[in-house]
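The values are calculated or read from the model by the stated rules, or taken from the named source; none is laboratory data. Predicted model only: the values in this text are computed from it and were never measured. All Cβ positions, glycine included, derive from the backbone under ideal geometry; neighbour counts span all protein chains shown.
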């Protein structure tokens, strides 16, 4: 019969190496399984990214709103919506070590993770972000510009009213009506109460980080140093915040919790009422020493209604445990009768307040 010698294309069964075939089959199946697993992981990763990642083709960047240490904030349009675009570049010039860039990226990712989950009328709405893992071609008024890989981008709703700080500076002479003061304070208090309910400590509460929409509603912004509150206060240490708003325990480098935001709110409340800046003539070391060791606080004008002054004093108590929760602060502010209280009396009117006689600019 043809093929008995193996020349006709037949193979003798007793010459087949079944063990070798089995090993080859295992390797083939293993490779196929690995490829499929990687494909599945990539798809899962893409699905996670799509929850918050922007589509660069829908983004138009316009004029610069502000410049900071690590980048710029632009006005822009994303998918037809007015937005503010925060572009962060930490390594374009090669001046930063890889470890430092990695640390800054991690902080950025935390900001995105925190912001993405928030939904409250007094918290700036997060639109989307990209962590700079691929080249971006972002459309501008001058055409398409390629962005370097190191650029990270976060897109939030655009608020035309600007920073609360700027609004207060504009009103530093004539001051604000008491009803307006309480409403601005309530907006901020409700936003902070929401953050705390989500176990988030902002850690840099100041009027510069609060924005106004077209209806003059205050919205909390800038989560650059926000973090989820640690169950152990000793896990939250370090000087984080802005001079003049920082609680004594933070200035002193001691463990702290969400009550550091309550202290900062008390300073903001004083600032909203007075349209002035706390401690304008003191240096960092002088403020740190006086706040921690001498219990220095902004001077409350005599024309300030006791109901509001009481909130300030309770919020900036030296002991975090004695400060109220933001939920209680909201209740105290809601209970104030704005029809009876008076606003800060302008400096050019001799009757009333004499505690802020000279002009102290920001």
Any chance residue 247 is in the same structural domain as residue 180 (by TED's automatic domain parsing), modelled with pLDDT of 90 or more, within 15 Å of residue 316 (Cβ to Cβ) and surrounded by fewer than 16 Cβ atoms within 10 Å (Cβ to Cβ): no
Those residues of region 143-177 which are in a strand (DSSP E or B) and either surrounded by fewer than 15 Cβ atoms within 10 Å (Cβ to Cβ) or at pLDDT 95 or above (or both), in sequence order: 143, 144, 145, 146, 162
Filter result for the condition that a residue is at pLDDT 75 or above and in contact with a helix residue (DSSP H, G or I) (Cβ under 8 Å, 6 or more places away or on another chain), over 119, 55, 79: 79
Residue 180 vs. criteria modelled with pLDDT of 90 or more and part of a strand (DSSP E or B): no
Residue in region 291-308 that is farther than 29 Å from residue 197 by Cα and assigned to a helix (DSSP H, G or I) present: yes
Number of positions in region 250-276 that are in a loop (DSSP other than H, G, I, E, B) and either under 12 Å from residue 312 (Cβ atoms) or at pLDDT 90 or above (or both): 4
Qualifying residue in region 335-345 (condition: closer than 23 Å to residue 188 by Cα, surrounded by 11 or more Cβ atoms within 10 Å (Cβ to Cβ), in contact with a helix residue (DSSP H, G or I) (Cβ under 9 Å, 6 or more places away or on another chain) and modelled with pLDDT of 85 or more): yes
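Would you confirm, using the coordinates I've provided, whether residue 186 is in contact (Cβ under 8 Å) with a residue 60 or more places away in the chain, touching a helix residue (DSSP H, G or I) at 6+ places or on another chain (Cβ under 9 Å) and either in a strand (DSSP E or B) or surrounded by fewer than 20 Cβ atoms within 10 Å (Cβ to Cβ) (or both)?
yes
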